[in-house]
Amino acid sequence: MAAVAHADTHVHEHDEAHEHHEPQSFIKKYIFSEDHKVIAKQYLISGIVWALIGGFLSLVFRLQLGYPGINLGWLKPVLGERWFDEAGKLDPNYYIALVTMHGTIMVFFVLTAGLSGTFSKKSGFEANNDFCSFFHFSYSAGSSTTKINFIAK
């Protein structure tokens, strides 16, 4: 077996024409970022937060469904007094509202943000300033059907 030697005669030198970035604050770097990798992380983090909220709502209505006689009065400080009757059961109207909120959060905030943050390419939106970048993230994270192209000049 013959060994093949490759000679790389091309020398890589640091080009001084490259942009040197100034140090940025946390808010400038992570909240008002224009970097597509940071924006993807924002989508993932917001998706995880909403998944925790939606999971909590699911836990509450599944507890009521699985154990109809259970006293859920210990959730009054979290959800509020009007959600429960005197026996500590969820009010039927609020139960339906809880299921609806859970479904809406899981579909529009978790799935959309999670899939956008994981599998999407950089969008065609090119932010011109910090506000535009944050505006785009804030209003497109909630719904895949909503496209907001906001360009401030």
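For the reader, a short list of remarks on this structure follows.
- Candidate set: the range 59-68, residues that are loosely packed, with under 14 Cβ neighbours inside 10 Å, under 16 Å from A87 (Cα atoms) and without any contact (Cβ under 8 Å) to a residue 12 or more places away in the chain; chosen: the one farthest from the chain's Cα centre (by Cα): Y67
- Residue satisfying condition, being in a helix (DSSP H, G or I), touching a helix residue (DSSP H, G or I) at 6+ places or on another chain (Cβ under 9 Å) and either of a type in the set (D, E, K, R) or more than 18 Å from F109 (Cα to Cα) (or both), within set K28, K37: K28
- The one condition in (1) surrounded by fewer than 18 Cβ atoms within 10 Å (Cβ to Cβ); (2) assigned to a loop (DSSP other than H, G, I, E, B); (3) modelled with pLDDT under 50; (4) not basic (K, R) that Y139 fails to fulfil: (2)
- When S46, S58 are checked against the criterion of being closer than 29 Å to I31 by Cα and among the polar types (S, T, N, Q), S46 stands alone in meeting it.
- Within the range 23-52, being more than 12 Å from the chain's Cα centre (by Cα) and either closer than 30 Å to K89 by Cβ or loosely packed, with under 14 Cβ neighbours inside 10 Å (or both) holds for P23, Q24, S25, F26, I27, K28, K29, D35, H36, K37.
- Contact map, the range 45-58: first residue within 25 Å of W83 (Cβ to Cβ), second residue not β-branched (V, I, T), Cβ cut-off under 7 Å, separation 6 or more or different chains; pairs are W50/F109; W50/A113; G54/H102; G54/M106; L57/L98; L57/M101; L57/H102; S58/H102.
- Any chance R62 is assigned to a helix (DSSP H, G or I), at pLDDT 85 or above and touching an Asp or Glu at 6+ places or on another chain (Cβ under 9 Å): no
- Residues of the range 43-90 satisfying the condition of being in contact with a helix residue (DSSP H, G or I) (Cβ under 7 Å, 6 or more places away or on another chain), under 27 Å from F108 (Cα atoms) and β-branched (V, I, T): I53, V60
The values are calculated or read from the model by the stated rules, or taken from the named source; none is laboratory data. Since the model is a prediction, treat every value here as computed from it, not as a measurement. Glycine also receives a Cβ, built like all others from the backbone with ideal geometry; neighbour counts cover every protein chain displayed.
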